[in-house]
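The values are calculated or read from the model by the stated rules, or taken from the named source; none is laboratory data. Not measured: the values here are computed from a predicted model. We place every Cβ from the backbone using ideal geometry, glycine too, and count neighbours over all the protein chains shown. The protein model used for the area step is the full one, side chains on, heavy atoms only, and it has no ligands, DNA or RNA in it. Shrake-Rupley method; radii C 1.70, N 1.55, O 1.52, S 1.80 Å.
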Amino acid sequence: MSRSSAQQPLLSQTVLKRRRTMGFRRDYQLYLLMILPIAYFIVFKYVPMYGAAIAFQNYSIFQGVSGSEWVGFDNFRQLFAMSQFYQVVRNTLLLNFLDLFFSFPAPIVLALLLNELRVVWFKKVAQTILYLPHFISWIIIGGLVYQMFATNGGLVNNLIVSIGLEAVPFLTEKTIWVLVYLGTGIWHSAGWGTIIYLAALTGINKELYEAAEVDGAGRMKKMWHITLPGIRSTIVVMLIMQLGHIMTIGFERPFVMGNPLVMDYAEVISTFVYKSGLQAAQFSLATAMGLFQALVGLIFVVLANTIAKRFGEQGIW
């Protein structure tokens, strides 16, 4: 081997180092902008992981994490022995799977419909109206729901009674309450969810629509054969992310909309953690539930990503 050929790897490494240094100097402002988000994730995402040790301790707020007694998996054994544990897990999975079945397709359908609008001003007004519910607090939405669907004095039941029918127990009958819960969730999140799909629609080649129009395809056929396949990868990624949160449910929505008459369905993991962790001061038990919830969510993400790759999709890693 000649001396020049042996020096080529060293030269290439030197060139790469110089390019990286020049790139850093050229784009140093972009690297500086990354400091805040990195600091956010370190402080609020990674540092709190230290508190997961509480799940394996008989935690005392006076002794702290470092001074509390280690009890191994006793908190998990106590958690799995509780009958309420299986109820809240069942309710969480039930409500999240129903949300996935009904709420997940809603922004896709809305994005397809908005994409077909040709009057620009009407499209902008429609988007604004659809986005607005996302910015309303669940506390306000809970008040609106009670004003609308209360058995006595609710607007909807007043209309039903005025035409000679009996009032419907929207908020006290379990099955009907679930329907109100799902409908409210769709109204709140569907419009905001269209943003990602509308952005994905802009990446579809317009020439495909022109070619399909020349071939005589109507709007429905173009939507089915061009638009939907064009955003399929985005749909798959969003589905994987949604499955990752299948064991995670927001606190405000079931807490605000629930009541003692429908607690068999309204009591979920987030409300259980709030009541056992904050109200009953069982910090170790609540942390064990949160750790179990995170582990199951991780399993769902990995399974969904693996299945997506088996079907030829890119996945998220």
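Okay, here's what the table says:
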read-out: Carbon/sulfur fraction of accessible area - the chain, other protein chains in place, 1.4 Å, %; value: 67 percent
read-out: Solvent-accessible ranking of 99, 215, 74, 27, largest area first, probe 1.4 Å; value: 215, 74, 27, 99
read-out: Solvent accessible area, Å² - residue 247, 1.4 Å probe, full protein context; value: 0 Å²
read-out: Within a Gaussian network of the chain (alpha carbon springs, distance under 10 Å), most fluctuating of 258, 250, 64; value: 64
read-out: q = 0.19 Å⁻¹, segment 112-237: log10 I(q)/I(0) [Debye, one scatterer per Cα]; value: -1.04
read-out: Shape category assigned to the chain from the gyration tensor of Cα positions, a/c cut at 1.5; value: oblate
read-out: Residues listed by number, segment 183-216, amide nitrogen under 13 Å from residue 225 label point at 7 Å toward C-beta; value: 208-216
read-out: Hz values of 3J(HN,Hα) by residue in segment 44-58 - Karplus curve (6.51, -1.76, 1.60), Gly and Pro given as x; value: 9, 10, 8, 4, x, 4, 4, x, 5, 4, 4, 5, 10, 10, 8
read-out: Surface accessible to a 1.4 Å probe, residue 134 within the full protein complex, Å²; value: 60 Å²
read-out: Note, ³J(HN,Hα) from phi for segment 268-273, Karplus 6.51, -1.76, 1.60, rounded to Hz, x at Gly and Pro; value: 10, 4, 5, 6, 5, 5
read-out: Per-pair calculated FRET efficiency, R0 = 41 Å: residue 43 and residue 97 via Cβ, rounded to 0.05; value: 0.75
read-out: The chain: most fluctuating residue of 197, 46, 131 per GNM, C-alpha cutoff 10 Å; value: 46
read-out: For residue 57, distant residues with modelled amide H under 5 Å away; value: 71
read-out: Average Cα contact separation per residue, the chain, under 8 Å, 6 or more apart, as relative contact order %; value: 23 percent
read-out: Among 154, 290, 193: highest mean-square fluctuation, GNM of the chain, C-alpha pairs under 10 Å; value: 154
read-out: Computed helical MRE - 222 nm, the chain, DSSP H runs ≥ 4 contributing -39500 (n - 2.57), nearest 500; value: -20500 deg cm²/dmol
read-out: C-alpha center-to-center spacing [segment 169-209, segment 85-102] in angstrom; value: 18 Å
